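As structure tokens, the structure follows; a few thoughts come after it.
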Amino acid sequence: MSKVLVIAEHNGTDLSPATAKTLTGALAVGAEAVEVLVFGHDPQGPAQQAAELSGVTGVKVISAPHFANPLAAQLAPEMVAVASGYTHIFAPSTTFGRDLLPRVAGLLRVNQISDVMEVLSDRSFKRPIYAGNAIVTVNVPASSKPILATIRTASFAATGVGGSAAIESIEPQASAPTHTRYLKTEGSGGEGPDLSSASVVVSGGRALGSAENFEIVHSLAKKLGAAVGASRAAVDAGYVPNELQVGQTGKIIAPDLYIAVGISGAIQHLTGIKDAGTIVAINKDAEAPIFEVADFGLVGDLFELLPELERAL
Ligand SMILES: Cc1cc2nc3c(=O)[nH]c(=O)nc-3n(C[C@H](O)[C@H](O)[C@H](O)COP(=O)(O)OP(=O)(O)OC[C@H]3O[C@@H](n4cnc5c(N)ncnc54)[C@H](O)[C@@H]3O)c2cc1C
């Protein structure tokens, strides 16, 4: 009998959309039970939201003051304490999941399957390699140990709501490590939606030429209620901070609408937008590779087209 545990990602009050997407991957296993584990310090809101996701058969809550901020070093020993009851443990392939699950895998001495993009059966999964240029099928041999996997949230739609699973509190069992403690969170403090989960993203590339010029990308994004992204060239040149980078070594995103401005479409960039809905490209070079993946292309100078587009909007 398969029993899947999904580790919830949340900010203390709201469940991250990544959790409902991970749940979709978990449901594809075809297990008898799919439970959600919520760590936190009295995380009532996220636990309730998890219980309402359709397909969830139970919610477990482990509450302690030191779980108020998700630190992998503190959560991993606790995960090990609960792992034995499950055949599968899934976390989103976000910074949270990518930080936590390898520690759990190390402690349990199992191989983690990273970035699952398709669940073929309870022991067979597809995942990208070589920056998405090839897809491998990973078959996991029968074992008494759980299968640990991070789920590529861009590849799965979120499950809906409508569930009413029971919420059960369990006491922390592992002693909290003293070598790692939470100090503070520092963010870019940028306005607008979060790049990882935004439904519309406007990204700028090297062509913008400077941080000042990049303002026209911010301006268009604001008009559209979109998040701002960037190519690595734009990040390396210092036009925008590192956390806005989209691509193989940046964020993998799946917005409904992606607008690439002055971005050539290098394979490492396209890896980050493989699951985007509609792709619009603005580039002065009609031969730019971005047009091979774009649904709509606008050939011309971005410094003329962007203000025009914004006026029209
Ligand atoms: C290991 C590795 C990992 C990488 N990871 C990433 C990653 O995560 N994300 C990423 O983006 N890249 C990544 N790269 C870099 C990638 O290979 C490209 O170098 C980068 O994406 C190029 O950025 P760009 O498209 O902004 O710049 P360019 O390739 O220089 O393209 C600029 C484009 O702007 C157009 N243009 C110029 N002026 C104008 C104008 N006035 N109006 C309209 N269009 C104009 C040009 O025609 C051109 O197509 C990685 C590379 C390596 C080796």
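For this structure, a couple of remarks:
- Whole-Hz ³J(HN,Hα) from phi, Karplus 6.51 cos²θ - 1.76 cosθ + 1.60, for the range 129-137, glycine and proline x: 10, 6, 6, x, 6, 9, 10, 10, 9
- Partners for K126 among aspartates and glutamates (Cα-Cα distance below 19 Å; same-chain residues under 8 apart left out): D115, E118, D275
- The chain, relative contact order in percent, only Cα pairs under 8 angstrom and at least six apart counted: 15
- Under 5 Å, built H, 5+ apart or other chain: amide partners of G204: G229, A230, S231, V261
- Cross-link partners of K145 among aspartates and glutamates (Cα-Cα below 16 Å; sequence separation of 8 or more within a chain): D122
- Rounded percent of accessible protein surface that carbon and sulfur make up, the chain, 1.4 Å probe: 49
- Put simply, when 197-205, 135-143 are sorted by average Cβ atoms within 10 angstrom per residue, most first, you get 197-205, 135-143.
- Among 1-9, 25-33, 118-126, sorting by the average number of other beta carbon atoms lying within 10 angstrom of each residue, highest first, gives 1-9, 25-33, 118-126.
- Span-rule helices in the chain, defined as complete DSSP H runs reaching 15 Å or more along the axis (Cα) with Kyte mean at least 0.0: 17-27, 72-83, 95-108
- Ellipsoid equivalent to the chain - semi-axes via the Cα gyration tensor, in Å: 38, 21, 17
- Whole-Hz ³J(HN,Hα) from phi, Karplus 6.51 cos²θ - 1.76 cosθ + 1.60, for the range 155-161, glycine and proline x: 9, 10, 7, 5, 6, x, 9
- Per-residue HN-Hα couplings for the range 242-252 [Karplus 6.51, -1.76, 1.60; θ = phi - 60°; Hz; x = Gly/Pro]: 3, 5, 8, 5, 10, x, 3, 9, x, 9, 9
- Other-chain or far-sequence residues with amide H under 5 Å of D275's (modelled H): none
- Stretched out straight at 0.36 nm per residue, the stretch from A134 to D285 would grow longer than its current Cα-Cα span by 51.6 nm.
- Accessible area of the range 229-272 divided out per residue, in Å², using a probe of 1.4 angstrom: 37
The values are calculated or read from the model by the stated rules, or taken from the named source; none is laboratory data. What you see is a predicted model; the values in this text were computed from it and never measured. Cβ coordinates were reconstructed from backbone atoms using ideal geometry, including for glycine residues, and neighbour counts include every protein chain displayed. What goes into the accessible areas is simple: the full protein's heavy atoms, side chains included, and nothing from ligands, DNA or RNA. Shrake-Rupley method; radii C 1.70, N 1.55, O 1.52, S 1.80 Å.
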